[in-house]
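> Have a look at this one.
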Amino acid sequence: MTKAKVGIIFGGKSAEHEVSLQSAKNIVDAIDKDKYDVVLLGIDKEGKWHLNDQSSYLLNEENPKLIQLNKTNKSIAVVPGESSKQLVSLSGSSGLDQLDVVFPIVHGTLGEDGSLQGMLRIANLPFVGTSVLGSAVSMDKDIAKRLLREAGIQVAEAVSYRKQAMSKIRFEEVKEKLGLPLFIKPANQGSSVGVSKVRTESEFYDGVKSAFQYDHKILVEEAVEGREIECSVLGNEEPIASLPGEILPQTDFYSYESKYIDEKGADLAIPADLSEDLTKKVQEASVKIFQTLDCEGMARVDFFLKKNGELVVNEVNTLPGFTRISMYPKLWEISGISYPELINKLIELAMERHERDQQLKSAVWDD
(Lines give C-alpha, C1' and ligand atoms only; values in the text may rest on other atoms or scores of the structure.)
Protein backbone atom coordinates (compact mmCIF):
# COMPACT_ATOMS: atom_id res chain seq x y z
CA MET A 1 0.00 0.00 0.00
CA THR A 2 1.32 3.44 -0.95
CA LYS A 3 1.64 5.65 2.08
CA ALA A 4 0.27 9.19 2.01
CA LYS A 5 2.83 11.93 2.54
CA VAL A 6 1.78 14.23 5.39
CA GLY A 7 3.50 17.58 5.83
CA ILE A 8 3.43 18.68 9.47
CA ILE A 9 3.92 22.45 9.72
CA PHE A 10 4.89 23.62 13.19
CA GLY A 11 6.64 26.39 15.11
CA GLY A 12 5.86 29.75 13.60
CA LYS A 13 6.38 33.46 14.15
CA SER A 14 4.01 33.47 17.09
CA ALA A 15 3.91 33.91 20.85
CA GLU A 16 2.72 30.28 20.94
CA HIS A 17 5.79 28.95 19.11
CA GLU A 18 6.88 26.60 21.90
CA VAL A 19 3.36 25.21 22.33
CA SER A 20 3.36 24.33 18.64
CA LEU A 21 6.65 22.45 19.01
CA GLN A 22 5.13 20.34 21.79
CA SER A 23 2.00 19.68 19.72
CA ALA A 24 4.09 18.63 16.71
CA LYS A 25 6.12 16.21 18.82
CA ASN A 26 3.00 14.47 20.08
CA ILE A 27 1.52 14.19 16.57
CA VAL A 28 4.77 12.81 15.13
CA ASP A 29 5.02 10.27 17.94
CA ALA A 30 1.40 9.11 17.56
CA ILE A 31 0.75 9.19 13.80
CA ASP A 32 0.34 5.81 12.10
CA LYS A 33 3.75 5.29 10.43
CA ASP A 34 2.39 2.31 8.49
CA LYS A 35 -0.13 4.58 6.80
CA TYR A 36 1.70 7.91 6.55
CA ASP A 37 5.14 9.24 5.66
CA VAL A 38 5.87 12.37 7.66
CA VAL A 39 7.57 15.46 6.22
CA LEU A 40 8.53 17.96 8.93
CA LEU A 41 8.29 21.64 8.02
CA GLY A 42 9.51 23.77 10.91
CA ILE A 43 9.04 27.55 10.94
CA ASP A 44 11.44 29.49 13.14
CA LYS A 45 10.58 32.63 15.09
CA GLU A 46 11.80 34.82 12.24
CA GLY A 47 9.38 33.13 9.84
CA LYS A 48 11.99 31.08 7.95
CA TRP A 49 10.94 27.58 6.88
CA HIS A 50 13.16 24.54 7.48
CA LEU A 51 12.94 20.98 6.20
CA ASN A 52 13.61 18.91 9.32
CA ASP A 53 14.64 15.34 10.01
CA GLN A 54 12.57 13.28 12.45
CA SER A 55 15.64 12.26 14.41
CA SER A 56 16.70 15.82 15.26
CA TYR A 57 13.94 18.35 14.64
CA LEU A 58 13.69 19.52 18.25
CA LEU A 59 16.18 20.60 20.92
CA ASN A 60 15.41 20.10 24.63
CA GLU A 61 12.24 18.31 23.58
CA GLU A 62 11.44 17.03 27.07
CA ASN A 63 11.54 20.50 28.67
CA PRO A 64 8.54 22.72 27.75
CA LYS A 65 10.39 25.83 28.96
CA LEU A 66 13.54 25.19 26.91
CA ILE A 67 12.18 23.37 23.86
CA GLN A 68 13.46 24.80 20.54
CA LEU A 69 13.23 24.19 16.82
CA ASN A 70 16.46 22.74 15.46
CA LYS A 71 17.19 25.12 12.60
CA THR A 72 18.65 23.40 9.56
CA ASN A 73 20.48 24.57 6.45
CA LYS A 74 17.60 23.15 4.39
CA SER A 75 15.61 26.33 3.86
CA ILE A 76 12.45 25.80 1.85
CA ALA A 77 9.40 27.53 0.44
CA VAL A 78 5.93 26.25 -0.38
CA VAL A 79 4.76 27.10 -3.91
CA PRO A 80 1.50 26.60 -5.81
CA GLY A 81 1.42 23.22 -7.49
CA GLU A 82 -1.12 20.79 -8.85
CA SER A 83 0.75 17.58 -8.20
CA SER A 84 4.50 18.07 -7.75
CA LYS A 85 7.29 20.36 -6.60
CA GLN A 86 5.21 21.87 -3.83
CA LEU A 87 8.31 22.28 -1.70
CA VAL A 88 11.25 24.07 -3.25
CA SER A 89 14.75 24.47 -1.86
CA LEU A 90 15.74 28.11 -1.56
CA SER A 91 19.29 27.15 -2.51
CA GLY A 92 18.08 25.78 -5.85
CA SER A 93 14.96 25.22 -7.90
CA SER A 94 14.56 21.51 -7.38
CA GLY A 95 11.32 20.11 -6.03
CA LEU A 96 11.81 18.31 -2.74
CA ASP A 97 8.58 16.52 -1.99
CA GLN A 98 5.07 16.02 -3.21
CA LEU A 99 2.69 16.35 -0.28
CA ASP A 100 -0.68 14.62 -0.18
CA VAL A 101 -2.00 16.56 2.80
CA VAL A 102 -0.78 19.09 5.38
CA PHE A 103 -1.33 19.02 9.13
CA PRO A 104 -0.70 22.62 10.24
CA ILE A 105 -0.21 22.82 13.98
CA VAL A 106 1.01 26.42 14.14
CA HIS A 107 -0.90 27.98 17.03
CA GLY A 108 -1.68 31.66 17.25
CA THR A 109 -0.85 34.53 14.90
CA LEU A 110 -0.08 33.65 11.27
CA GLY A 111 -0.95 30.01 11.88
CA GLU A 112 -4.46 29.96 13.28
CA ASP A 113 -5.87 33.20 11.91
CA GLY A 114 -6.43 32.19 8.28
CA SER A 115 -3.04 33.35 6.99
CA LEU A 116 -1.46 29.91 6.71
CA GLN A 117 -4.75 28.40 5.57
CA GLY A 118 -4.96 30.91 2.72
CA MET A 119 -1.44 30.07 1.58
CA LEU A 120 -2.24 26.35 1.58
CA ARG A 121 -5.39 26.93 -0.45
CA ILE A 122 -3.41 28.88 -3.04
CA ALA A 123 -0.90 26.02 -3.13
CA ASN A 124 -3.83 23.64 -3.74
CA LEU A 125 -2.88 21.51 -0.75
CA PRO A 126 -5.44 19.70 1.43
CA PHE A 127 -4.97 20.71 5.07
CA VAL A 128 -6.29 19.69 8.46
CA GLY A 129 -8.58 22.07 10.29
CA THR A 130 -10.81 25.02 9.56
CA SER A 131 -10.44 26.94 6.30
CA VAL A 132 -9.71 30.64 5.85
CA LEU A 133 -12.93 32.32 6.97
CA GLY A 134 -13.63 30.16 10.01
CA SER A 135 -10.01 30.46 11.16
CA ALA A 136 -10.01 34.24 10.82
CA VAL A 137 -13.31 34.97 12.56
CA SER A 138 -12.72 32.47 15.36
CA MET A 139 -9.27 33.89 16.07
CA ASP A 140 -10.60 37.44 16.37
CA LYS A 141 -12.47 37.30 19.67
CA ASP A 142 -14.24 40.58 18.97
CA ILE A 143 -15.64 39.44 15.60
CA ALA A 144 -16.48 35.98 16.98
CA LYS A 145 -18.53 37.55 19.78
CA ARG A 146 -20.48 39.66 17.30
CA LEU A 147 -21.34 36.67 15.10
CA LEU A 148 -22.29 34.46 18.04
CA ARG A 149 -24.43 37.19 19.57
CA GLU A 150 -26.20 37.63 16.23
CA ALA A 151 -26.98 33.90 16.30
CA GLY A 152 -28.55 34.21 19.74
CA ILE A 153 -25.64 32.60 21.58
CA GLN A 154 -24.67 34.06 24.94
CA VAL A 155 -21.13 35.45 25.19
CA ALA A 156 -19.21 37.25 27.91
CA GLU A 157 -19.79 41.01 27.71
CA ALA A 158 -16.80 42.99 26.50
CA VAL A 159 -15.62 46.21 24.90
CA SER A 160 -12.90 46.35 22.26
CA TYR A 161 -10.29 49.02 21.61
CA ARG A 162 -7.81 49.65 18.83
CA LYS A 163 -4.31 50.85 19.61
CA GLN A 164 -4.84 54.33 18.17
CA ALA A 165 -7.53 54.88 20.83
CA MET A 166 -5.30 53.75 23.70
CA SER A 167 -5.17 57.23 25.27
CA LYS A 168 -8.98 57.32 25.44
CA ILE A 169 -9.39 54.11 27.46
CA ARG A 170 -10.77 54.98 30.89
CA PHE A 171 -10.75 52.56 33.83
CA GLU A 172 -13.79 54.12 35.56
CA GLU A 173 -15.93 53.92 32.41
CA VAL A 174 -15.08 50.27 31.82
CA LYS A 175 -15.56 49.38 35.49
CA GLU A 176 -19.02 50.98 35.48
CA LYS A 177 -20.01 49.00 32.38
CA LEU A 178 -18.48 45.59 33.16
CA GLY A 179 -17.74 45.54 36.88
CA LEU A 180 -14.70 44.04 38.60
CA PRO A 181 -12.61 41.98 38.24
CA LEU A 182 -11.93 42.27 34.50
CA PHE A 183 -9.98 40.31 31.95
CA ILE A 184 -7.87 42.15 29.39
CA LYS A 185 -6.71 40.19 26.36
CA PRO A 186 -5.36 40.65 22.83
CA ALA A 187 -8.18 40.15 20.32
CA ASN A 188 -6.08 37.81 18.17
CA GLN A 189 -4.12 35.56 20.48
CA GLY A 190 -4.65 32.23 22.20
CA SER A 191 -3.32 30.15 25.08
CA SER A 192 -3.85 33.06 27.50
CA VAL A 193 -0.90 34.92 25.94
CA GLY A 194 -1.01 38.59 26.97
CA VAL A 195 -4.06 38.04 29.20
CA SER A 196 -4.38 39.83 32.55
CA LYS A 197 -6.93 39.54 35.31
CA VAL A 198 -7.27 42.95 36.93
CA ARG A 199 -8.98 44.39 39.99
CA THR A 200 -7.39 47.82 40.40
CA GLU A 201 -6.80 50.89 38.26
CA SER A 202 -3.03 50.36 38.11
CA GLU A 203 -3.46 46.70 37.15
CA PHE A 204 -5.94 47.80 34.48
CA TYR A 205 -3.56 50.15 32.70
CA ASP A 206 -0.69 47.66 33.02
CA GLY A 207 -2.94 45.01 31.47
CA VAL A 208 -3.89 47.29 28.59
CA LYS A 209 -0.22 47.96 27.81
CA SER A 210 0.61 44.26 28.03
CA ALA A 211 -2.21 43.20 25.70
CA PHE A 212 -1.29 45.83 23.11
CA GLN A 213 2.18 44.27 22.88
CA TYR A 214 0.57 41.27 21.14
CA ASP A 215 -2.16 42.83 18.98
CA HIS A 216 -3.45 46.13 17.58
CA LYS A 217 -6.89 45.39 19.05
CA ILE A 218 -7.72 44.31 22.60
CA LEU A 219 -10.78 43.18 24.52
CA VAL A 220 -11.71 44.19 28.04
CA GLU A 221 -14.11 41.50 29.23
CA GLU A 222 -16.32 40.90 32.23
CA ALA A 223 -15.33 38.13 34.61
CA VAL A 224 -18.00 35.44 34.40
CA GLU A 225 -18.45 33.41 37.55
CA GLY A 226 -18.90 29.79 36.57
CA ARG A 227 -17.30 26.43 35.92
CA GLU A 228 -14.85 26.28 33.00
CA ILE A 229 -16.22 23.67 30.59
CA GLU A 230 -14.58 22.66 27.31
CA CYS A 231 -15.88 20.51 24.46
CA SER A 232 -14.10 19.17 21.37
CA VAL A 233 -15.82 19.21 17.97
CA LEU A 234 -14.85 17.08 14.97
CA GLY A 235 -16.20 16.98 11.42
CA ASN A 236 -17.04 18.92 8.28
CA GLU A 237 -20.69 19.10 7.17
CA GLU A 238 -21.92 16.88 10.02
CA PRO A 239 -19.75 17.65 13.06
CA ILE A 240 -19.93 15.72 16.29
CA ALA A 241 -19.08 16.79 19.84
CA SER A 242 -17.07 14.94 22.46
CA LEU A 243 -17.98 14.48 26.09
CA PRO A 244 -17.25 17.78 27.87
CA GLY A 245 -14.34 18.29 30.25
CA GLU A 246 -13.78 20.76 33.06
CA ILE A 247 -10.77 22.92 33.92
CA LEU A 248 -10.14 23.26 37.65
CA PRO A 249 -7.40 25.93 37.87
CA GLN A 250 -5.14 25.81 40.90
CA THR A 251 -4.15 29.43 40.30
CA ASP A 252 -6.08 32.68 39.79
CA PHE A 253 -6.95 31.77 36.19
CA TYR A 254 -6.01 29.22 33.54
CA SER A 255 -2.74 30.78 32.39
CA TYR A 256 -0.27 29.88 29.65
CA GLU A 257 1.94 28.05 32.17
CA SER A 258 -1.02 26.09 33.55
CA LYS A 259 -1.97 24.95 30.04
CA TYR A 260 1.40 23.90 28.69
CA ILE A 261 4.18 23.90 31.26
CA ASP A 262 3.00 23.29 34.82
CA GLU A 263 1.09 20.00 34.93
CA LYS A 264 -0.02 20.94 38.46
CA GLY A 265 -1.30 24.35 37.37
CA ALA A 266 -4.80 22.96 36.84
CA ASP A 267 -6.73 19.76 37.41
CA LEU A 268 -8.68 18.37 34.48
CA ALA A 269 -11.98 16.63 35.12
CA ILE A 270 -12.33 14.33 32.10
CA PRO A 271 -15.22 13.93 31.58
CA ALA A 272 -16.82 16.80 33.48
CA ASP A 273 -19.19 15.93 36.29
CA LEU A 274 -22.37 17.02 34.52
CA SER A 275 -25.86 15.63 34.34
CA GLU A 276 -26.93 13.88 31.15
CA ASP A 277 -29.09 16.88 30.21
CA LEU A 278 -26.26 19.36 30.78
CA THR A 279 -23.84 17.20 28.83
CA LYS A 280 -26.22 17.16 25.89
CA LYS A 281 -26.73 20.92 26.20
CA VAL A 282 -22.97 21.55 26.02
CA GLN A 283 -22.57 19.22 23.05
CA GLU A 284 -25.45 20.75 21.08
CA ALA A 285 -24.24 24.28 21.82
CA SER A 286 -20.70 23.37 20.75
CA VAL A 287 -21.86 22.08 17.37
CA LYS A 288 -24.05 25.16 16.83
CA ILE A 289 -21.14 27.48 17.66
CA PHE A 290 -18.80 25.47 15.40
CA GLN A 291 -21.19 25.88 12.48
CA THR A 292 -22.02 29.52 13.22
CA LEU A 293 -18.33 30.45 12.90
CA ASP A 294 -17.97 28.39 9.70
CA CYS A 295 -15.55 25.93 11.29
CA GLU A 296 -14.54 22.61 9.75
CA GLY A 297 -12.28 19.76 10.74
CA MET A 298 -11.79 20.54 14.39
CA ALA A 299 -12.24 23.12 17.12
CA ARG A 300 -12.45 23.28 20.88
CA VAL A 301 -15.28 25.35 22.34
CA ASP A 302 -14.76 26.85 25.80
CA PHE A 303 -17.66 27.84 28.06
CA PHE A 304 -18.46 29.19 31.46
CA LEU A 305 -21.28 27.23 33.09
CA LYS A 306 -23.13 29.50 35.52
CA LYS A 307 -24.92 28.27 38.63
CA ASN A 308 -28.30 28.82 36.98
CA GLY A 309 -27.34 26.43 34.16
CA GLU A 310 -26.65 29.12 31.56
CA LEU A 311 -23.75 28.55 29.17
CA VAL A 312 -21.60 31.55 28.27
CA VAL A 313 -19.11 31.16 25.43
CA ASN A 314 -15.56 32.09 26.34
CA GLU A 315 -13.78 31.38 23.04
CA VAL A 316 -13.39 28.97 20.14
CA ASN A 317 -9.97 27.51 19.32
CA THR A 318 -9.65 26.16 15.76
CA LEU A 319 -6.14 24.70 16.20
CA PRO A 320 -6.26 23.52 19.80
CA GLY A 321 -3.19 22.23 21.55
CA PHE A 322 -2.11 18.66 20.89
CA THR A 323 0.34 18.40 23.77
CA ARG A 324 0.23 15.50 26.22
CA ILE A 325 -1.83 17.58 28.67
CA SER A 326 -4.14 19.20 26.07
CA MET A 327 -7.91 18.91 26.37
CA TYR A 328 -8.80 18.40 22.70
CA PRO A 329 -7.29 14.92 22.23
CA LYS A 330 -7.99 13.91 25.83
CA LEU A 331 -11.71 14.57 25.42
CA TRP A 332 -11.86 12.48 22.27
CA GLU A 333 -9.98 9.68 23.97
CA ILE A 334 -12.62 9.37 26.70
CA SER A 335 -15.29 9.72 23.99
CA GLY A 336 -13.97 6.65 22.18
CA ILE A 337 -11.46 8.01 19.64
CA SER A 338 -7.82 7.32 20.46
CA TYR A 339 -5.04 9.83 19.72
CA PRO A 340 -3.78 7.96 16.59
CA GLU A 341 -7.37 7.45 15.38
CA LEU A 342 -8.06 11.16 15.89
CA ILE A 343 -5.06 12.16 13.77
CA ASN A 344 -6.17 9.76 11.05
CA LYS A 345 -9.75 11.09 11.13
CA LEU A 346 -8.56 14.70 10.88
CA ILE A 347 -6.45 13.84 7.84
CA GLU A 348 -9.39 12.05 6.22
CA LEU A 349 -11.61 15.09 6.83
CA ALA A 350 -8.98 17.33 5.20
CA MET A 351 -8.87 15.11 2.12
CA GLU A 352 -12.67 14.94 1.91
CA ARG A 353 -13.01 18.72 2.05
CA HIS A 354 -10.29 19.20 -0.57
CA GLU A 355 -12.01 16.74 -2.88
CA ARG A 356 -15.29 18.57 -2.35
CA ASP A 357 -13.64 21.91 -3.14
CA GLN A 358 -12.15 20.50 -6.34
CA GLN A 359 -15.67 19.94 -7.66
CA LEU A 360 -16.37 23.66 -7.70
CA LYS A 361 -16.17 25.48 -11.00
CA SER A 362 -13.23 27.84 -11.38
CA ALA A 363 -14.38 29.43 -14.64
CA VAL A 364 -17.77 30.54 -16.01
CA TRP A 365 -17.41 28.59 -19.25
CA ASP A 366 -16.24 25.26 -17.77
CA ASP A 367 -18.27 22.30 -18.98
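The values are calculated or read from the model by the stated rules, or taken from the named source; none is laboratory data. Computed from a predicted structure; not experimentally measured. We place every Cβ from the backbone using ideal geometry, glycine too, and count neighbours over all the protein chains shown. Calculation scope for accessible area: heavy atoms of the full protein, side chains included, ligands and nucleic acids excluded. Shrake-Rupley method; radii C 1.70, N 1.55, O 1.52, S 1.80 Å.
> From the set of residues in region 307-319 that are part of a loop (DSSP other than H, G, I, E, B) and within 12 Å of the chain's Cα centre (by Cα), which is nearest to residue 31 (Cα to Cα)? So that I can check it myself, show each step before the final result.
Start the filter on region 307-319 by keeping residues that are part of a loop (DSSP other than H, G, I, E, B), which leaves 307-310, 318-319.
Filter again for within 12 Å of the chain's Cα centre (by Cα), leaving 318-319.
Values: 318: 20, 319: 17 Å.
Per the criteria, the residue is 319.
> Evaluate region 23-32: report whether one residue or more is acidic (Asp, Glu), more than 28 Å from residue 186 (Cα to Cα) and in contact with a helix residue (DSSP H, G or I) (Cβ under 7 Å, 6 or more places away or on another chain). Quick ask: steps written out before the conclusion?
Of all residues in region 23-32, those acidic (Asp, Glu) come to 29, 32.
Subset that is more than 28 Å from residue 186 (Cα to Cα): 29, 32.
With in contact with a helix residue (DSSP H, G or I) (Cβ under 7 Å, 6 or more places away or on another chain) added as a condition, the list becomes 32.
Yes, the conditions are met somewhere in region 23-32.
> Mind checking which residues of region 161-204 are part of a helix (DSSP H, G or I), without any contact (Cβ under 8 Å) to a residue 40 or more places away in the chain and either out of contact with any Phe, Trp or Tyr (no Cβ under 7 Å at 6 or more places or on another chain) or β-branched (Val, Ile, Thr) (or both)? It would help to see each step written out before you state the result.
Going through region 161-204, the residues part of a helix (DSSP H, G or I) turn out to be 163-168, 171-178, 201-204.
Next, from what is left, pick out any that are without any contact (Cβ under 8 Å) to a residue 40 or more places away in the chain: 164-165, 167-168, 171-173, 175-177, 201-204.
Result: 164, 165, 167, 168, 172, 173, 175, 176, 177, 202, 203.
> Just checking, how many residues over region 103-122 are charged (D, E, K, R) and either closer than 16 Å to residue 138 by Cβ or buried (at least 23 other Cβ atoms within 10 Å of the Cβ) (or both)? Outline the logic, then answer.
In the first step, residues of region 103-122 are kept if they are charged (D, E, K, R); the result is 112-113, 121.
Among the residues that remain, those that are also either closer than 16 Å to residue 138 by Cβ or buried (at least 23 other Cβ atoms within 10 Å of the Cβ) (or both) are: 112-113.
Selection size over region 103-122: 2.
> Taking region 216-237 only, how many residues are touching a residue at least 60 places away in the same chain (Cβ under 8 Å) and either under 19 Å from the mean Cα position of the chain (by Cα) or not in a loop (DSSP other than H, G, I, E, B) (or both)?
15
> Next question, about the same structure. Output the residues belonging to region 142-166 that are open to solvent by 90 Å² or more (accessible area, probe 1.4 Å) and either out of contact with any strand residue (DSSP E or B) (no Cβ under 8 Å at 6 or more places or on another chain) or on the phi > 0 side of the Ramachandran plot (or both).
Of everything in region 142-166, those that are open to solvent by 90 Å² or more (accessible area, probe 1.4 Å) and either out of contact with any strand residue (DSSP E or B) (no Cβ under 8 Å at 6 or more places or on another chain) or on the phi > 0 side of the Ramachandran plot (or both) turn out to be 146, 150, 164.
> Restricting to region 320-347, and then to whatever is among the hydroxyl-bearing types (Ser, Thr, Tyr) and within 17 Å of residue 25 (Cβ to Cβ), can you tell me which residue is surrounded by the fewest Cβ atoms within 10 Å (Cβ to Cβ)?
To start, the set of residues in region 320-347 that are among the hydroxyl-bearing types (Ser, Thr, Tyr) comprises 323, 326, 328, 335, 338-339.
Then drop every residue that is not within 17 Å of residue 25 (Cβ to Cβ), which leaves 323, 326, 328, 339.
Numbers: 323: 22, 326: 20, 328: 25, 339: 18.
Result: 339.
> Show me the strands (runs of 3 or more DSSP E) entirely contained within region 1-102 in which 1 or more residues are modelled with pLDDT of 90 or more and either open to solvent by less than 70 Å² (accessible area, probe 1.4 Å) or over 29 Å from residue 358 (Cβ atoms) (or both). It would help to see each step written out before you state the result.
Values: elements: 4-11, 36-43, 49-52, 76-78, 87-89.
Where strands (runs of 3 or more DSSP E) fall fully within region 1-102 and carry at least 1 residues being modelled with pLDDT of 90 or more and either open to solvent by less than 70 Å² (accessible area, probe 1.4 Å) or over 29 Å from residue 358 (Cβ atoms) (or both), they are 4-11, 36-43, 49-52.
> Something else now. Mind listing just one residue for me: the one in region 189-243 that is open to solvent by 40 Å² or more (accessible area, probe 1.4 Å) and among the hydroxyl-bearing types (Ser, Thr, Tyr) and, of those, modelled with the lowest pLDDT?
214
> Scan region 295-306 and give yes if some residue there is in contact with a strand residue (DSSP E or B) (Cβ under 9 Å, 6 or more places away or on another chain), touching a residue at least 60 places away in the same chain (Cβ under 8 Å), in a loop (DSSP other than H, G, I, E, B) and surrounded by 21 or more Cβ atoms within 10 Å (Cβ to Cβ), otherwise no. Don't jump to the end; show me each part of the working.
So in region 295-306, the residues in contact with a strand residue (DSSP E or B) (Cβ under 9 Å, 6 or more places away or on another chain) come out as 295-306.
Keeping just the survivors that are touching a residue at least 60 places away in the same chain (Cβ under 8 Å) gives 295-306.
Right, trim to in a loop (DSSP other than H, G, I, E, B) and you get 295-296, 306.
Retained after the next criterion (residues that are surrounded by 21 or more Cβ atoms within 10 Å (Cβ to Cβ)): 295-296.
Yes: one or more hits.
> If a residue must be touching a helix residue (DSSP H, G or I) at 6+ places or on another chain (Cβ under 8 Å) and either assigned to a loop (DSSP other than H, G, I, E, B) or hydrophobic (A, V, I, L, M, F, W, C) (or both), how many such residues does region 320-337 contain?
Number satisfying all stated conditions: 9.
> Does any residue in region 321-350 that is more than 18 Å from residue 9 (Cα to Cα) come within less than 7 Å, Cβ to Cβ, of a residue that is of a type in the set (Phe, Trp, Tyr) and open to solvent by 10 Å² or more (accessible area, probe 1.4 Å) six or more places away or on a different chain, and which pairs are these?
Hits for this filter: 329/339; 333/339.
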